[in-house]
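Heads up: the structure comes next, in structure tokens.
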Amino acid sequence: KSDLLITNFIVGFTELTDPYTLDYINYPSAPQSENLMGYGEEALGRNAMLSGFQGQRQWTDYMPNGDFSEAILNSSFDWNGIRQAFIVATENDSLNGVSMLFGHLLTNTAQIFSDVRTYWSPESVKRVSGKELTGKAKNGIIHLINSGSTTLDATAQQNNEAGEPAMKPFWDITESEAQKCLDNTKWPQAVKEYFRGGGYSSQFKTDGEMPVTMCRINLVKGVGPVLQIAEGWTAVIDPEIHKIIDERTNPTWPTTWFAPRINGDDAFKDVYSVMANWGANHGAISYGHIGADLITLASMLRIPVNMHNVDAENIFRPASWSAFGSDKEGQDYRACKAYGPLYGFKE
């Protein structure tokens, strides 16, 4: 029911103006020509690009959580089949919702909403599990986890043309891939510690190595919105390591192990620094390395980028940015302030 209601808010529900359907249900003997409901405005919906569900704690202390609805809506399929993913932000986090929208519009893929929960160093993993991180995870990992509203596309059960795990635009997803995503997802009862009103959460792990980009818009007083970007990969770790450290948080929630690409510079000198410099406990994760696209988009919207690990030769900003100094980061801040927001109010 929650899924249907949220969908109706976003895109509308024409049957609210259908006199035959509604009159027959509510007033079987009424003339079919009369529209006794008359909810023409509500039938249009909000024509929304993104949405959010507040949940904690105003709702979830006494009502079932929104995890199932959010998980299905954020996915590229539901009981009606394969379709374009919606954007629904957990806890009604509008800034992460807009970050998800950026990724969705640039890639046409479903987006991962996650808590940026825990940094695990190679030493800490070895201490608690007796095993070592390898591959993309060798420098340490960040535990991306959510209460159960993460897109099911993040199970990594879709494949690109090379046969590699991927998250694809909905028109490229097959019925069998959608079914695999569902088959690799469980729906445990919501934990009462967080959700006194009950409900269900999704449970899975991202079981494939994929290139991804995590981003986040933050609001800074006196500056406005700023964007941070971290390209990297989803990491596949030893199942025993996963079990041990997953149980340190909440094993009934979906997990993605994130290995950002480090380059020795500032916020990306190591994996710990990436998390330490992250501006909030939420991140929007998109399939593919799209950091360069996000930087160009941000310049168009006059949003300065305060943190990224995109190679300089891949970055494109308007030529006029060069008039604001030679320091690229400071140049970006000064240009965005001088030109002012493309949408919104200038100072």
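Where a number appears in this text, it was derived from the coordinates with a stated rule and is not lab data. Small disclaimer: the values here were computed from a predicted structure and weren't measured. Here the Cβ positions follow ideal geometry from the backbone for every residue, glycine too, while neighbour counts run over all protein chains shown.
Based on the Cβ-Cβ distance of residue 43 and residue 248, what FRET efficiency does E = 1/(1 + (r/R0)^6) give at R0 = 41 Å, to the nearest 0.05?
Efficiency at R0 = 41 Å is approximately 0.30.
Over all distinct alpha-carbon pairs, what is the Kirkwood Rh of the chain in angstrom?
Radius from the Kirkwood sum: 21.6 Å.
Contour minus end-to-end for residue 79 and residue 105, with contour as 0.36 nm per residue of separation and end-to-end as the Cα-Cα distance?
7.0 nm
Compute from the Cα atoms of the range 304-347 the Rg and the Dmax, the latter being the longest Cα-Cα distance, and quote both in angstrom.
11.1, 33
By counting other Cβ atoms within 10 Å of each Cβ, how are 194, 343 ranked from fewest to most?
The fewest-first ordering by Cβ neighbours comes to 343, 194.
Give me the compactness ratio for the range 65-131, meaning the Cα radius of gyration over 2.2 N^0.38 Å.
1.48
Please report the net charge: other residues with Cβ closer than 12 Å to the Cβ of residue 303, K and R +1, D and E -1.
+3
Please work out how much length the chain gains when fully extended from residue 314 to residue 265, using 0.36 nm per residue of separation minus the C-alpha to C-alpha distance, in nm with one decimal.
15.9 nm
Work out how much length residue 56 to residue 339 would gain on full extension: take 0.36 nm times their residue separation and subtract the Cα-Cα distance, in nm to one decimal.
Length difference between fully extended and current span is 98.1 nm.
Take the Cα pairs of the range 103-229, get the Kirkwood Rh, then feed it into Stokes-Einstein at 20 °C and 1.002 mPa s and tell me D in µm²/s.
126
What three numbers, in Å, describe the spread of the alpha carbons of the range 261-303 along their principal axes, ordered from the longest?
The Cα atoms of the range 261-303 stretch 30, 23, 22 Å along their principal axes.
Treating only the Cβ atoms of Lys and Arg (+1) and Asp and Glu (-1) as charged, compute the dipole magnitude of the chain about its Cα centre; round to the nearest 20 debye.
Dipole size: approximately 1000 debye.
By what distance, in whole Å, do the Cα atoms of the range 113-160 stretch along each of the three principal axes, largest value first?
The Cα atoms of the range 113-160 stretch 32, 27, 15 Å along the principal axes, largest first.
Put a dot 7 Å past each Cα toward the Cβ at residue 192 and residue 161; how far apart are the dots in nm?
5.4
Return 113, 258 ranked ascending by Cβ neighbour count within 10 Å, so the fewest neighbours appear first.
Fewest-to-most Cβ neighbours within 10 Å comes out as 258, 113.
Quick check: the distance between the Cα centres of the range 73-97 and the range 201-250, to the nearest angstrom?
Each part reduced to its Cα centre gives a spacing of 17 Å.
As an exercise, use a Förster radius of 41 Å and the Cβ-Cβ distance of residue 297 and residue 174 to find the FRET efficiency, rounded to the nearest 0.05.
Between residue 297 and residue 174 the formula returns 0.85.
Please tell me which of these pairs span more than 23 angstrom C-alpha to C-alpha: 131/243; 221/337; 168/205; 126/186?
On the way: 131/243 12 Å; 221/337 13 Å; 168/205 18 Å; 126/186 29 Å.
Violating the 23 Å Cα-Cα cut-off are 126/186.
With r defined as the distance between the Cβ atoms of residue 238 and residue 14 and R0 fixed at 56 Å, what FRET efficiency is calculated, to the nearest 0.05?
Working: r = 51 Å, r/R0 = 0.91.
E between residue 238 and residue 14, to the nearest 0.05, is 0.65.
What ranking do 138, 337 get, fewest neighbouring Cβ atoms within 10 angstrom at the top? All intermediate terms of the calculation are to be shown ahead of the outcome.
Numbers: 138 12, 337 16.
Result, fewest neighbours first: 138, 337.
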